[in-house]
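Just below is one structure, and these are the notes that go with it.
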Amino acid sequence: MRIALVLLSSTLVFPFVAHSQAAQSERLGSSCTLKNYVYTCESAAFAPIFAAAKNATVETQNVDAFARQQLKKMLTAKYGKQVVEPEGAPELIFLIIPVGVDGINYNTGEPPLGSLRVYAATPAGGRDHLVWAETYSGRQDLPWPAVVNSLISQFQKHFPGK
């Protein structure tokens, strides 16, 4: 009886194990790796993905109209991409968020202030794997619009457009 339970449970578990291993290998195929809470991305791997994408969607915090407008302006004017809603089947998702805003900073260096991340999109318009990430570090009292503009400038230095 125990042998039958072990065999039955193993046939039910192994498909899930195989699926999770396949998902892990897809994630490893991404152009970005995470080490010590910092994303490192390969521009050579992202450049053809970005060049092939015809459209993208933009995600920001709900109250961050400035960042949303700046990203849309960059994507349309500088790169000729169409900005669509998530329901419009985007190929890439651009996310810009503040980071490191956790109270008083006692470090003497410049903490990370914002991150621009680009994800491949699922067929349903959700985030898939990370394909690019920019982090901007600076003075903690720097206003958010300056951080947004700096992140966009960094991105444009890596990938010059029109």
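Mind checking which aspartates and glutamates have their Cα closer than 13 Å to the Cα of Lys157? Skip sequence neighbours fewer than 8 apart in that chain. Straight-distance partners of Lys157: Glu134. Here region 106-141 is scanned for amide nitrogen atoms under 20 Å from the site 7 Å beyond the Cα of Ala44 along Cα-to-Cβ, giving 131-134. Label zone (Lys157, point 7 Å along Cα-to-C-beta; backbone nitrogen cut-off 16 Å) within region 39-69: 41, 43. With a Förster radius of 25 Å applied to the C-beta separation of Ala124 and Ala146, the computed FRET efficiency comes to 0.10.
Scaling against 2.2 N^0.38 Å puts the C-alpha radius of gyration of region 31-158 at 1.05.
Bear in mind these aren't lab numbers, they're just calculated from the coordinates by the rules spelled out. From a predicted model like this one, the values you see are computed outputs, not experimental measurements. Every residue, glycine as well, gets a Cβ built from its backbone with ideal geometry; the counts of neighbours run over all protein chains shown.
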